[in-house]
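The next block holds one structure in the form of structure tokens; read it before the comments.
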Amino acid sequence: MRQSITRSSIGLVALILSVGLISLLGTRVSGSAVEPLPEPITLVLHSAMSPNAGCTINNHSDTAMSYFRFFMAGDRIAAYMNPASCGSPQYPFEVESVSVTLFGEFGANWPVEVALEIWSAAVGDSCGGPITLVHSETFSLDLATYGIPNVGTAAFSTPVCVTAPFFVALRYTGGTPAPFPSVNFDSRMPGDTCANWAFAAGFSWTKWNQFWNNPLPGNPLFWVQGQTQSSFCAPTVCCAGTTGNVNVSGIVDLGDLSALVSYLTGGGFSLPCYAEANINGLGIVDLTDLSALVNYLTGGGYVLPNCP
């Protein structure tokens, strides 16, 4: 009887906490609070493109449609970025800068302090959401440069190296007073709800269609500029002999297999030499490289190719 009462009590407490959480999120984020701009605004892109960038990545239209006026310190908005649009091979990809445009015509305070962040993603799967924070850098965004319809560009102090698709995020640091100018959203309803994620301060990353009530806002207006096959990120001299020495310990063994699995599943391993992990030499590190390494290590007959 006591055990039954205890279980019932735990269930009741869990239900109360769940309702409380939903209620709290509902006061923070609701479909009615995502407001349309006074009119659709076509953006001025002249300042968005870094003159040295080899490729610009985005997943939105260039027309802003809506905003959200209740962002709080610690909130984040993230968008999935895939350098595949830059051609092949893409990696290692050097992220040089991020461009954004903000809306603040509701009494928002300028300039606003934000952190622009790069997060890792599970290889080939945006639905795992942002996994590991790779880089975060703080910027002060002013009205003249970043206020809509202008698009301003913030350059990282040191390029950020990635070897797979990733997430770019904007975080409100709270270093300047609220209300904060809002990220702008386009008119496209995301077909892939895993492409965009939101993070409410004190909670965790949440899928787009679970964070917002209907109608969903469109895609956040972020641009990423960078370079494919970056010599800064992976000097060609790092690969010696054959591929497969993923952890660069000097020998190809089960340690390399473990390292590659960790990298591909978002376990946190960072490739010290991209060319070594590109087992089959096809230009991108993915599950086919894992299959090739397993075949080699189990005596299946796979021959490791020479380094490029």
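Observations on the structure shown:
- Two tests apply to each whole DSSP H helix in the chain, Cα reach of 24 Å or more along its axis and mean Kyte-Doolittle hydropathy of at least 0.5, and the ones passing both are 2-28.
- For the chain, the percent of C-alpha pairs falling in each 10 Å distance bin, counted from 0 to the bin holding the largest distance, reads 6, 25, 29, 19, 14, 7, 1, 0.
- Helix-derived mean residue ellipticity, 222 nm - over the chain, DSSP H n ≥ 4, -39500 (n - 2.57), to 500: -6000 deg cm²/dmol
- GNM result for the chain, Cα springs below 10 Å: residue of GLU96, GLU113, GLU39 fluctuating most strongly: GLU39
- Residue of GLY268, GLY107, GLY74 that the Gaussian network model of the chain assigns the largest fluctuation, springs spanning Cα pairs under 10 Å: GLY107
- Where only alpha carbons of the range 236-297 are counted, the Rg and the Dmax (Å): 10.1, 27
- At full extension, GLU35 and ILE251 could sit 72.0 nm farther apart than now, given 0.36 nm per residue minus the alpha carbon distance.
- Most fluctuating residue given options VAL44, VAL246, VAL168, as computed from a GNM of the chain linking Cα atoms under 10 Å: VAL44
- The chymotrypsin sites (Phe, Trp or Tyr not before Pro) of the range 84-178 meeting both criteria, a DSSP state outside H, G, I, E and B (loop) and at most 15 other C-beta atoms within 10 angstrom of the site's C-beta, are PHE106.
Every read-out reported here was derived from the displayed coordinates using simple, explicitly stated rules and does not represent laboratory data. Note that this is a predicted model, so its numbers are computed, not measured. Please note: Cβ atoms are built from the backbone with ideal geometry, for glycine as well, and neighbour counts cover all protein chains shown.
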